[in-house]
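The structure under discussion appears below in the form of structure tokens.
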Amino acid sequence: MTVLANSAGKGGRVEEGAIARDRNRFVAAATDASLTALIAFGLFLPLIGFETVQNINEVLVLRTRWPFLFSLVAIIGAGRLAYVLVVPPWLARRAARPIAAEPPAWRVAVARWFVPCAIGFVVAYPLMVAWALGLRGSLKWIDNFGIQILIYVMLGWGLNIVVGLAGLLDLGYVAFYAVGAYSYALLATHFGLAFWILLPLAGILASFWGILLGFPVLRLRGDYLAIVTLAFGEIIRMVLINWVALTNGYAGISGIPRPSFFGIPFNADDNGFAAVFGLPFSPIYRTIFLYYIIMALALLTCFVTVRLRRLPVGRAWEALREDEIACRSLGINTTNTKLTAFAMGAMFAGFAGSFFAARQSFISPESFTFLESATILSIVVLGGMGSQLGVAIAAIVMIGGTEITRQLDFLKEIFGPTFDPTQYRMLIVGFAMVVIMVWRPRGLITTRAPSVYLKVRKTIAADLVKEGRG
Amino acid sequence: MSTPLLSVRGVKAYYGRVQALKGVDLDINDGEIVALIGANGAGKSTLMMTVCGDPRAREGTITFAGQDITRLSTHQIARLRLAQAPEGRRIFPRMTVLENLQLGATTADPAGFETNLERVLALFPRVAQRLHQRGGTLSGGEQQMLAIARALMSSPRLLLLDEPSLGLAPLIARQIFDAIRTLNAQEGLTVFLVEQNAFHALRLAHRGYVMVNGLITLSGSGRELLERPEVKAAYLEGGRQRAAH
């Protein structure tokens, strides 16, 4: 009897303790949330609480917006409350969970089959979309989502060689993209050379500029290198703007010839693609063809990078990223290593650039601003430097994300006809970037597959290494 | 006596305007272990780096295996099979141990990679256990072993070791010194060693040099130097007492 009473009393105490703890936790969270709301109120009172408008006499008057202000403050307070109540306990539970020695079977299966399935999907994508939405409806999805994303996947992979593998922070990567685009545009419009001849030529010219940039920055690293490459990107853009005789300045170059299908042009003529293959004419065939070109180019970039990583030059790139002095003392020629990294990265940007010019049929310096370099670099950083898969996923998230915000017209139904979702594009993308960096500070994919194995194959997680190393 | 493997003659080196080496003469013969000892900032590491071409000697000559290497760049010097395990180990932290070793064999004939790897791993069994682990996850002692193993992958004629015992537990330091002794005794590897730990270094070395303020002030066999009162006073047990007053 006493035993029973004892245990009941104990259980009661435990329960009481738990309730008290929960109550304390809630009080603490509520205090935290009210403080947050108070700060939000203080911040937003001048920013949102008041608005200046012109009245009929064209005089500025002050108007208050209390409902808007208070609803915003309430949302922030409630959001903070929910966050404090949910996230720390969840993190604690996750930390307490033991780490399994072997990854679960489904994860192994995903790791094994993800890449083949993804490539299969990318190959089948335009055909699936065309079949599902019809020729007319699928154009946007193949062009804006398919081709646009693949261009950035390719650029990301190209920059990944320079930044991710060789560790050379390049903020002017778009310069090589511009060199490729203008090489194709100028040579094609002036000399009438075909796309397939100019594609390798544009790559070679871009890599030549890559080496040219490489020479003066051989001794630089990190921040200093970043500044010089940034300046280089701007110099190229300024030349494109101001050398009007060659580049036509701001007006750009138009009427750039499009690639043909083994000599068969994509037009409505009798000897055009549709007529030759007995199909009804539609611009979609060209788009699908362009899709497969950029897909092949992107896969080529990836394939070359993966192969190079296993060769001495690729290993030297990675070693250079890790420790330049150690590289030299082991007999690695760091000059050549850096120059090959710049040249390779620039070459793929040159390919992508000439494709871009062929696809758009019009180019101007506005397509090659610093924002482009920043976008490509953030794709590489978000994806996880050095990771091919991570870069591809980051490109899909970043570019696909910006494209999707262009498609959010239904929001006009909710927020009224003056609401323009494209204006919030950069806000949403910026927010997504912050979230990814908080959630995965070293990028989406941080595992690095070793380039050489002895007997057993293994990948090593980044968190085995101290944060910020290397 | 035959010509020395490495000979340093009147070498002066500067960091900007600061003169770090004020005319150093030093010889290392084939098959020897030579230790260079001295206080912090005496220029020991600078001498080692100058031999490797970074910084370059502004005056004087450095000859390795009969070839003047004074004006060669670091990677060219490394290709003459003069290997260095630099100060602070400088392994590649995000690459695996095996990749680190493979990079050590950059200048070596790829055909000999497997045999060389086996030879080096036999010398450092602890490194062999961690082949697929990231370099950065190794302990300090293991990283030092890896740094030496990596340097050995090029089958060097001369191995330069900069402070191999720095920051290591005495037991680990002894393992490393033992490995150096084994290498020298079994393979006849020539070793040039820079050390703060004068006692261990001089006991290990055939010959030693003492460096003060960018100049060699004493030289002799390891045993001789250990007995010298100036060495005792400055670098061995007396050092602490002298510094106190």
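Since every read-out is calculated from the coordinates, none of them should be taken as a lab result. Quantities reported herein were computed from a predicted structural model and do not represent experimental measurements. Using ideal geometry, Cβ is built from the backbone for each residue, glycine included, and neighbour counts are taken over all protein chains shown.
Overview of results
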| quantity | calculated |
| --- | --- |
| Per-pair calculated FRET efficiency, R0 = 56 Å: A:Asn55 and A:Val306 via Cβ, rounded to 0.05 | 0.25 |
| Extension gain (nm, one decimal) between A:Val313 and A:Phe262, 0.36 nm per residue minus Cα-Cα | 14.8 nm |
| Longest exposed-site-free window of chain A, the sites being GluC sites (Glu not before Pro) in a DSSP loop that have at most 14 other C-beta atoms within 10 Å | A:59-466 |
| Highest to lowest packing among A:238-245, B:30-37, B:99-106, scored as the average C-beta count within 10 Å | B:99-106, B:30-37, A:238-245 |
| Contact order relative to length of chain B, as percent, for alpha carbon pairs under 8 angstrom and 6 or more apart | 26 percent |
| Relative contact order %, the stretch A:2-96, counting alpha carbon pairs below 8 Å whose residues are six or more apart | 29 percent |
| Cβ-placed point charges (K, R +1; D, E -1), dipole of the stretch A:252-348 about Cα centre in debye, nearest 20 | 300 debye |
| Coil-residue chymotrypsin sites (Phe, Trp or Tyr not before Pro) of the stretch A:264-309, DSSP, other Cβ within 10 Å capped at 11 | A:Phe277 |
| Listed residues A:Leu62, A:Leu38, A:Leu85: farthest to the positive end of the dipole of the stretch A:2-96 (Cβ charges) | A:Leu85 |
| Using alpha-carbon coordinates, inclination of helix B:170-187 to the longest axis of chain B, degrees | 80 degrees |
| Inter-site label distance for B:Val212 and A:Asp409 at 7 Å from Cα along Cβ, in nm | 8.8 nm |
| Trypsin sites (Lys or Arg not before Pro) restricted to the stretch B:35-112 and DSSP loop, no more than 12 other C-beta within 10 Å | B:Arg71 |
| For chain A, Kirkwood radius (reciprocal of mean inverse C-alpha pair distance, Å) | 26.3 Å |
| Spin-label proximity, B:Leu166 to the stretch B:41-57 - amide N less than 16 Å from point 7 Å beyond Cα toward beta carbon | B:41-52, B:54-55 |
| Electrostatic dipole magnitude of the stretch A:2-96 [Cβ: Lys, Arg +1; Asp, Glu -1; Cα centre; debye, to 20] | 440 debye |
| Farthest positive-ward along the stretch A:90-198 dipole, Cα basis, beta-carbon charges - from A:Ser183, A:Leu139, A:Ala95 | A:Ala95 |
| Inter-site label distance for A:Thr447 and B:Asp68 at 7 Å from Cα along Cβ, in nm | 5.5 nm |
| B:Thr190 long-range amide H proximity, modeled H, under 5 Å | B:Gly31, B:Leu159 |
| Average beta carbon contacts from partner chains per residue of B:82-89, 10 Å cutoff | 3 |
| Label-point gap, in nm, between A:Val435 and A:Asn336 - each point 7 angstrom along Cα→Cβ | 4.8 nm |
| Size of charge dipole - chain A - debye, nearest 20, with Cβ of Lys, Arg +1 and Asp, Glu -1, no other charges | 1700 debye |
| Relative contact order [Cα under 8 Å, 6+ residues apart], chain A, whole percent | 20 percent |
| Efficiency of FRET between A:Ala275 and A:Ser361 - r from beta-carbon atoms, R0 35 angstrom, step 0.05 | 0.95 |
